[in-house]
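Engineer: For reference, the structure I am asking about is given below.
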Amino acid sequence: MSATIPPKTEKLDLLRHSTAHVMAAAVVKKYPGAKVAIGPAIDNGFYYDFDLPQSINPDDLQEIEKEMRRFLGGNHDFLREEVSREKALEMFAGEPYKCELIRELPEGETISVYRCGDFVDLCRGPHVASTREINAQAFKLMKVAGAYWRGDENRPMLTRIYGTAWEKPNDLKAYLDMLAEAEKRDHRRIVKDLDFLHIDDENPGQIFWHPDGWTVYRLIEDYARDRILKDGYVEVKTPFVMPQGLWERSGHWAKYRENMFITESEKRIFALKPMNCPGHIEIFKQGVKSYRDLPLRMAEFGSCTRNEPSGSLHGIMRVRGFVQDDGHIFCTEEQIPSEVAKFCELLKSMYRDFGFDPEGILVKFSTRPEKRVGDDATWDRAEKALADACVVAGLTYEIAPGEGAFYGPKLEFTLVDALGRGWQCGTIQVDYQLPSKERLNAEFIGDDNAKHTPVMLHRAALGSLERFLGILIEHYAGALPAWLSPRQVVVVPVAPGFDEYAEKVASTLRAAGFRAKADLDNDRMNAKIRKHQGFKVPYQLVVGEKEMSENAVAVRFRDGRQDKMGLGEFAAYLGEKVKSHSVEL
């Protein structure tokens, strides 16, 4: 990429929000009768929703951009004005979406509008001082999409126009270059090229794994299993289908019902589990637990199903059926800091092995949401306990108000990929609610011989294994490290007369635990090499007369390098790469 993409800042948010207003002004002028809805700044850009008198397509975006640049030429100030509810309704009498928002504002709340040239919008602000601060060559309209008003499929379908805006043209170019590279790395194309999997149109959000894709999937799962078992977890397995009563007691039926698949048997209602936590509490409750048993770290690679809207599904990044490297730590309140710190070390180590910079991890502290269970006093304790744990773990974090789980506050860990994009994968959540007597009634005997309720820490390092594999594929553009590659080695004979030696090399490597095969097809050597380059095989071993006589191999590395090694030397070389989880060939 030609330049580094600047990070998101408050200044950029103001710039993008202001550019959204400029776009709205251009749309209203270009399409008389257009009704304006909402237009916030978002990551890397902005959008605005409109009820238009005609449909538009991507080809119309350039004309809207031209109108935006003409508007910017007027050098208009953004002027804020506070108005009464009655005045606001009068000003936006012809704008039904604005009037709906105005009527729903709480009594006594300040209502503000912003004027920019002839365009007036209902908006809390703030904005840049003037359109002079918006560089006419540093924004671009990106796409047109449909969006239901307020996300309700029973409300009107609006036209949503997405755009991006930056301070400088070079920043825009860097962003567009990144998007172009991201398109090349799109995992949905790469998994087809590598023959990893397919998703049937008649069964959206469910994955059919092919041999090579399943090999990589199992490698990730086996790696995660090995790490957690060494870290003191016990692995369990809970039912895929559980009764309505359990979900009601846990609170999921009231808070999460719309995302659950429901079934019925013998006049009883069951749900396919969308998460594993209630099942883990049911296991914890079996037998008497003592304070000496805590912390109890319980893990499960649990198959979960969530009824995601079909429009939100995206390759293997967002699916309906998935597996998490899920875990729950049952502990005392005093053990929360040390357990959170321990998990953070595990998470960083795992990300490092997969080739991500552990020092580049972004941490978000999500506090109590509006829809939650439990009283404020308990939430105060939970949030303080998590904040204290962050001090012990040495974490620097950003507060995300209102984004916690319905049962407790959480930390979210975002790793950064090769293109500088953030992916939230890991999480740890402090939960006083689900184990409580009012919910699922877990308890242990304390050192005072009395019954106590444990704290439950929900944690995942990789999150959905399906999504994590998608992230890896895009991070490496499909060229996975040797330890993760489904085809580590292919042996290519220079001519059919060396097939026997090629098979001997491959079988020797397989006996040593590597994924190796000899390509004994009838294709010519160069055609075989090109084929396996397409499958992004890390090492191709070319063998002929000289290699056979010396029990050696000519190594063609995926990155273009070539070398000659003895067969034992190459096996030792590859073994070290695999053992160390090296991302280098």
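Engineer: Could you pull out the residue among 562, 488, 540 that is polar (S, T, N, Q), under 26 Å from residue 418 (Cβ atoms) and touching a Leu at 6+ places or on another chain (Cβ under 9 Å)?
Structural biologist: Being polar (S, T, N, Q), under 26 Å from residue 418 (Cβ atoms) and touching a Leu at 6+ places or on another chain (Cβ under 9 Å) holds for just one of 562, 488, 540, which is 488.
Engineer: Here is a further query. Show the residue pairs meeting these rules: Cβ distance below 6 Å; 6+ apart or different chains; first residue within segment 230-255 and under 15 Å from residue 325 (Cα atoms); second residue among the basic types (Lys, Arg).
Structural biologist: From residues that are under 15 Å from residue 325 (Cα atoms), the pairs are 232/297; 233/297.
Engineer: Out of everything in segment 495-516 that is over 18 Å from residue 575 (Cβ atoms) and either surrounded by 19 or more Cβ atoms within 10 Å (Cβ to Cβ) or not assigned by TED's automatic domain parsing to the domain that holds residue 568 (or both), what residue ends up being nearest to the chain's Cα centre (by Cα)?
Structural biologist: 502
Engineer: For residues that are over 20 Å from residue 125 (Cβ atoms) and in contact (Cβ under 8 Å) with a residue 24 or more places away in the chain, tally how many sit in segment 44-59.
Structural biologist: First, the residues of segment 44-59 that are over 20 Å from residue 125 (Cβ atoms): 44, 50-59.
Applying the additional criterion that residues be in contact (Cβ under 8 Å) with a residue 24 or more places away in the chain yields 44, 50-52, 55-58.
Selection size over segment 44-59: 8.
Engineer: Further, regarding this structure: Right, residue 429: in contact with a Gly (Cβ under 7 Å, 6 or more places away or on another chain), assigned by TED's automatic domain parsing to the domain that holds residue 369 and outside any strand (DSSP E or B) or not?
Structural biologist: Against the criterion (in contact with a Gly (Cβ under 7 Å, 6 or more places away or on another chain), assigned by TED's automatic domain parsing to the domain that holds residue 369 and outside any strand (DSSP E or B)), residue 429 does not qualify.
Engineer: Moving to a separate point now. Would you confirm whether or not segment 254-267 contains a residue that is assigned to a loop (DSSP other than H, G, I, E, B), at negative phi, in the same structural domain as residue 436 (by TED's automatic domain parsing) and surrounded by 16 or more Cβ atoms within 10 Å (Cβ to Cβ)?
Structural biologist: No, every residue in segment 254-267 fails to be assigned to a loop (DSSP other than H, G, I, E, B), at negative phi, in the same structural domain as residue 436 (by TED's automatic domain parsing) and surrounded by 16 or more Cβ atoms within 10 Å (Cβ to Cβ).
Engineer: Right, something else. Can you tell me which residue among 367, 396 is within 21 Å of the chain's Cα centre (by Cα) and either crowded, with 17+ Cβ neighbours inside 10 Å or within 30 Å of residue 578 (Cβ to Cβ) (or both)?
Structural biologist: That would be 367, the only listed residue that is within 21 Å of the chain's Cα centre (by Cα) and either crowded, with 17+ Cβ neighbours inside 10 Å or within 30 Å of residue 578 (Cβ to Cβ) (or both).
Engineer: Out of segment 61-82, which residues are in contact with a Leu (Cβ under 9 Å, 6 or more places away or on another chain) and surrounded by 14 or more Cβ atoms within 10 Å (Cβ to Cβ)?
Structural biologist: To start, the set of residues in segment 61-82 that are in contact with a Leu (Cβ under 9 Å, 6 or more places away or on another chain) comprises 61-62, 64-65, 68.
Selection gives 61, 64, 65, 68.
Engineer: Still on this structure, I have one more. Anything in segment 492-519 that is farther than 16 Å from residue 552 by Cβ and in contact with a Pro (Cβ under 7 Å, 6 or more places away or on another chain)? List them, or say none.
Structural biologist: Matches in segment 492-519: 499, 515.
Okay, residues lined up against (1) over 23 Å from residue 348 (Cα atoms); (2) of a type in the set (S, T, N, Q):
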| position | (1), (2) |
| --- | --- |
| 383 | no, no |
| 399 | no, no |
| 407 | yes, no |
| 421 | no, no |
| 425 | no, no |
| 428 | no, no |
| 433 | yes, yes |
| 456 | no, no |
| 466 | no, no |
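Engineer: Here's another thing I want to ask about it. Tell me yes or no: at least one residue of segment 291-314 is over 28 Å from residue 209 (Cα atoms), part of a loop (DSSP other than H, G, I, E, B) and either outside the structural domain of residue 448 (by TED's automatic domain parsing) or at pLDDT 95 or above (or both).
Structural biologist: Within segment 291-314, one or more residues are over 28 Å from residue 209 (Cα atoms), part of a loop (DSSP other than H, G, I, E, B) and either outside the structural domain of residue 448 (by TED's automatic domain parsing) or at pLDDT 95 or above (or both).
Engineer: Here is a follow-up. When you look at residue 472, is it touching a His at 6+ places or on another chain (Cβ under 9 Å), within 25 Å of residue 229 (Cα to Cα) and either in a helix (DSSP H, G or I) or of a type in the set (Asp, Glu) (or both), yes or no?
Structural biologist: Details: touching a His at 6+ places or on another chain (Cβ under 9 Å): yes; within 25 Å of residue 229 (Cα to Cα): yes; either in a helix (DSSP H, G or I) or of a type in the set (Asp, Glu) (or both): yes.
It is true that residue 472 is touching a His at 6+ places or on another chain (Cβ under 9 Å), within 25 Å of residue 229 (Cα to Cα) and either in a helix (DSSP H, G or I) or of a type in the set (Asp, Glu) (or both).
Engineer: Testing residue 199 on (1) surrounded by 14 or more Cβ atoms within 10 Å (Cβ to Cβ); (2) modelled with pLDDT under 95, one condition comes back false. Which one is that?
Structural biologist: (2)
Engineer: Which residues, counting only those in segment 526-556, are more than 16 Å from residue 509 (Cβ to Cβ) and not small (Gly, Ala, Ser)?
Structural biologist: Across segment 526-556, the qualifying residues are 526, 528, 529, 530, 531, 533, 535, 536, 545, 546, 550.
Engineer: Can you tell me which residue within segment 202-252, out of those that are farther than 23 Å from residue 286 by Cα and among the β-branched types (Val, Ile, Thr), is surrounded by the most Cβ atoms within 10 Å (Cβ to Cβ)?
Structural biologist: Of everything passing the filter in segment 202-252, 207 is surrounded by the most Cβ atoms within 10 Å (Cβ to Cβ).
The values are calculated or read from the model by the stated rules, or taken from the named source; none is laboratory data. No experiment lies behind these values; they were computed from the predicted model shown. Neighbour counts run over all protein chains shown; Cβ positions are idealised from the backbone, glycine included.
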